[in-house]
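Note sheet for the following structure.
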Amino acid sequence: MARLYVRLATALALLMLLVGAVFYALERRGAQLYHAELTQRLNASIAMYVAQQAPLIRNGVVDDAQLATLAERAMIINPSAEIYVLDPQGRVLGSRDANDPELARQIAVAPVRALLDGAQRLPVFGDDPRLDADRKVFSASEIRDAQGLQGYVYVVLGGQQYAAAVADVRGGYQQTVLASAVALTLLCAALIGAALFWLLTRPLRRLTRRARQFEFAYAGRDPDARAAETSVDELQQLDAAFSAMQRRIEAQFERLQESDRLRRELITNVSHDLRTPLAAMQGAVDTLLIKQDALSDADARHLLGTARRHADRLNTLIKDLFELTRLDTGNIQPEFQTFSLAELINDVATEFALKAESRGIALRVEPPPGATTTVYADIGLIQRVLENLIDNAIKYTEAGGVVVVAMRPVASGHAVSISDTGVGISQQHLPRIFERHYAGSRDGAKTSDSTGIGLAIVKKILELHGTEIAVESTPREGSRFRFELPATAQAA
């Protein structure tokens, strides 16, 4: 019943059954009325014949002998006829079997007058004196003498013998054949309808199947799992598939809009970051060109140092943007190898030791140098991750603070954490610090030499290694970044 064509065929069969039942009922009722009118017309003269053969009422008394004789003659003409004599008010005065206990003593006389007066269209139905609930067609004629109307001859056309014959025929061969023919016709019509609906709905089923396959493939689910979702028909499945695709398209469109907004925001921020060092460099160079004769050697060296420092910052920003672009486009792929993570951490820490010391920050490595640990990763990319994280930790830690690079074994390999006692990151910025287009920073501010995309590079590199980076931070207390690296290729 989950198939649309099965439901359509079932609905067609039920509709045909209903229409057939209504048609059968109407046809049967029409046949009964037709037969009743034909019977009443053909036998209209029976009552008149009986009334004209002999006087049936003398002095208000029915001549039972004459009535019995005439009744036998009338039954020869029509065996189903039953003859009664009525008074003008419809009271039964006599019949063939006047002692019948089931014989009624009064019937309605209005249908008799309607038939005799021709005031009603045939067939006209009247009461059956034998207490039969069914009204039946009849023949009637007036009984008159010199004193006027004495009563009526009332002939029921379809008495007990007729009813018994109808009951016998009702379950006979003809009725069985008719019922079988109707059932066979309905069955054939249902089968033909099912076949036609199957053919007509085949394009719809094909479209539904393709939509469902696309939905499951897009969602990353097993296409065979759709076999379990057969409780609805094709239209409902198609509607569900299109609704799911609509939701995904709307979500993708929203993501595209958000990506476009972030792209514009990045361009704005990068433009500002590029403009600042360029303006500083231009100012220093212009000062040298304009006042070169009036400047002392110390002032000239200061201006050149300023230009060099901003040139370095501009170079760093351009390198970060270029690296992030290459990571996004897939031009950078990790070259996995086994190396000592402890040695790499020590090398990077040594690289930043002078910078940390110049700022009055203690840079510690845990465990101490000499510990041997191996991981399976791209040594160059992991070095870039460590450099960005340690550099950020030093930038956002004030003098007298501590930066700790720790390493410890875990189930899959080794975990690395870089923690500091710096300004921390506010909760409103924490969820977005790894977004490549996000310009916010720790405690809502950026350092003068920060590009704002270093953490985005870190996140992308670790994604290429199949791992994630986590961060914990409390404003004015510090931050802690943590990630894991596998020890073997199988773990990677």
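Things worth noting here:
- In the assembled protein chains, T316 presents an accessible area of approximately 60 Å² (probe radius 1.4 Å).
- Shape call, segment 266-403: gyration tensor on alpha carbons, a/c limit 1.5: oblate
- C-alpha center-to-center spacing [segment 461-492, segment 341-367] in angstrom: 19
- Solvent-accessible ranking of D87, D239, largest area first, probe 1.4 Å: D239, D87
- Most to least accessible of F336, F23, F214 (protein chains only, probe 1.4 Å): F23, F214, F336
- Rounded if a/c under 1.5, otherwise prolate or oblate - segment 310-382, Cα gyration tensor axes: oblate
- Computed with a 1.4 Å probe over protein heavy atoms only, the accessible area of M75 comes to about 40 Å².
- Within straight-line reach of K395, meaning a Cα separation under 29 Å, sit the following lysines at least 8 residues removed in sequence or on another chain: K319, K355, K446, K459, K460.
- Ligands, DNA and RNA excluded, the heavy atoms of R364 present near 110 Å² of accessible surface to a 1.4 Å solvent probe.
- Accessible area in the full protein assembly, largest first, 1.4 Å probe, for R209, R261, R313: R209, R261, R313
- Beta bridges per DSSP with both ends in segment 266-425, % antiparallel, nearest 5: 70
The values are calculated or read from the model by the stated rules, or taken from the named source; none is laboratory data. Predicted model, so just to flag it, every value in this text is computed and none were measured. What goes into the accessible areas is simple: the full protein's heavy atoms, side chains included, and nothing from ligands, DNA or RNA. Shrake-Rupley method; radii C 1.70, N 1.55, O 1.52, S 1.80 Å.
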